[in-house]
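Take a look at the structure below.
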């Protein structure tokens with residue numbers, strides 16, 4: 001398996017500096033997580049953005065789409081902030097011949113109690129098993145991108161009603 005990971009920032013890559021929660025989006029954490037997990041497949045991590053998803057623009061989403069379309073791999077994992085993950089997923093609809101799975105985390109990957117490793121593992125399993133299309137893998141749910149939403153109060157993704 002050859003997997004391209006496109007990192008766009010978000011909580012999964014955040015680094016906190018003080019008790020007042022000052023942070024910046026740091027280097028992609030997916031590479032270290034995969035290496036520590038001793039995966040047996042080939043992967044490349046492409047850092048496209050280092051932004052909180054609330055700061056993403058239409059131009060940023062166009063850039064993400066362009067990088068997905070240009071990728072030689074047909075298996076694409078995108079790490080993304082959770083607040084606007086569904087907006088970016090919608091912009092990726094219609095890309096032919098690629099399995100595209102977006103994931104992220106509610107807590108930074110650097111935190112011991114982070115959901116990042118679980119979400120990444122779920123997304124990697126999904127990207128290998130699904131037919132071409134755009135999906136979100138969060139909180140144990142893998143679903144077509146347009147069928148889930150973030151429940152901010154519960155800090156999780158769930159099916160749309």
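Under 19 Å from a label point 7 Å along Cα→Cβ of residue 36: give me every residue in region 92-132 with its amide N that close.
In region 92-132, the label zone of residue 36 (backbone N under 19 Å from the point 7 Å along Cα→Cβ) covers 103-125.
Take every Cα-Cα pair in region 115-161 and report what % of them are more than 15 Å apart.
Beyond 15 Å sits 42 percent of the P(r) for region 115-161.
Give me the extension gain from residue 1 to residue 44: residue separation times 0.36 nm, minus the current Cα-Cα distance, reported in nm with one decimal.
Net length gain for the segment: 14.3 nm.
Which stretch or stretches of region 32-74 have amide N atoms under 18 Å from the point lying 7 Å from residue 111's Cα along the Cα→Cβ direction?
The answer is 33, 51-54.
With an 8 Å cut-off on Cα pairs and a minimum separation of 6 or more residues, tell me the relative contact order of the chain in percent.
Relative CO of the chain lands at 23 percent.
Viscosity 0.692 mPa s, temperature 37 °C: give me the Stokes-Einstein translational D for region 34-161 in µm²/s, with Rh taken as the Kirkwood radius over C-alpha pairs.
221
Set the Förster radius R0 to 25 Å, insert the Cβ-Cβ distance between residue 69 and residue 147 as r into 1/(1 + (r/R0)^6), and round the FRET efficiency to 0.05.
The value I calculate is 0.60.
Quick note: the coordinates plus some simple rules give every number you see, no bench work behind them. In this text the structure is predicted, and so the values were computed from the model without any measurement. Don't worry about glycine lacking a Cβ; one is built from the backbone with ideal geometry, like all the others, and counts go over all protein chains shown.
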